[in-house]
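Reading through the structure tokens given below for one structure.
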Amino acid sequence: MNRLPGGLEPIERRKVYELVADRLLAEIRGQRLRPGEALPTERELATSFRVGRSSVREALRVLESKGVIRSTGSGGFEVATLANPLNNSIDLLLAMEEVDVPELFEVRKIIEVEMAGLAAERRSADDLAEMEAALEAMEEHLASEQGYIGADVRFHLAVVRASGNRIALRMMEAIRGVLSQAFRSIFHIPGSPQLSTAQHREIYEAIRAGDPTAARARMLEHLVRVERETEGLRIRAAADQGRG
């Protein structure tokens, strides 16, 4: 990357929807939008921020995937009332570079592999239906970044929820925003969404069959692959920056 005089670096270019999401998040953190309060409509936000409605729509999807806002079921959104206090703590640690992505993958392996095994032992018909619905959504949105990522996160939360361990579920909900970012980084790798969908299907089939050993093995296999892809992107980005 080219440096400016005095060691300054050029300002990073960001997508409009990311800027909109940041502005809304600032309003929520500043208590100008409070838990349970309805957000302005998509049209109103677009007018206020002087951006296109598509950018507002993407920003709302990002915040929903992080658990910051929730759909009201009538096309609108409201600030989430059951915010997990771990969310802000983990986001803050990441921003301060006190933790990194490899550490988060270690935590995912600790939680999700064992919870997949427990899900195979404890899953209910409703749990299986939720996983199946998430899988169908993944297959439907293979060409849509936001739609696919939302379904991907939904599947992983459904697996942990099926384990019946509420502490593990709260921990997963706390890192859902980070999960979305990680999924977003690898979504555009050719073939990655298709491979992830196939691996999710294998995890689901093991859980449905009540096979905890297979469920753990399939989940670990999936997490190792995603971690490898994420690390590969990080290495390439660092190399590109070094050549800049």
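Quick one: Kirkwood hydrodynamic radius for the stretch 5-79, alpha-carbon pairs, angstrom, one decimal?
On the way: mean 1/r = 0.0762 Å⁻¹.
Evaluated over the stretch 5-79, this radius sits at 13.1 Å.
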| said: For the stretch 175-198 and the stretch 154-168, what is the centre-to-centre distance using only Cα atoms, to the nearest Å? | reply: 19 Å
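Compute the orientation-averaged projected area for the stretch 85-243 from the convex hull of its Cα atoms and round it to one decimal in nm². Intermediate results must be reported in sequence, preceding the final value.
On the way: hull surface 36.8 nm².
Mean projected area for the stretch 85-243: 9.2 nm², to one decimal.
Using the number of other C-beta atoms within 10 angstrom as an exposure proxy, rank 107, 159 with the fewest first.
Values: 107 16, 159 27.
Taking fewest neighbouring Cβ atoms as first place, the list is 107, 159.
When a/c is below 1.5 the answer is rounded, else prolate if a/b is larger than b/c, else oblate, so apply that to the stretch 150-220 with a ≥ b ≥ c taken from the square roots of the Cα gyration tensor eigenvalues. Numbers along the way, then the final one.
Values: a/c = 2.56, a/b = 1.15, b/c = 2.22.
In terms of gyration-tensor shape, oblate.
Bear in mind that the values in this text are calculations on the coordinates, not laboratory data. Since we're looking at a predicted model, the values are computed, not measured. Counting neighbours? That spans all protein chains shown, and the Cβs are built from the backbone with ideal geometry, glycine included.
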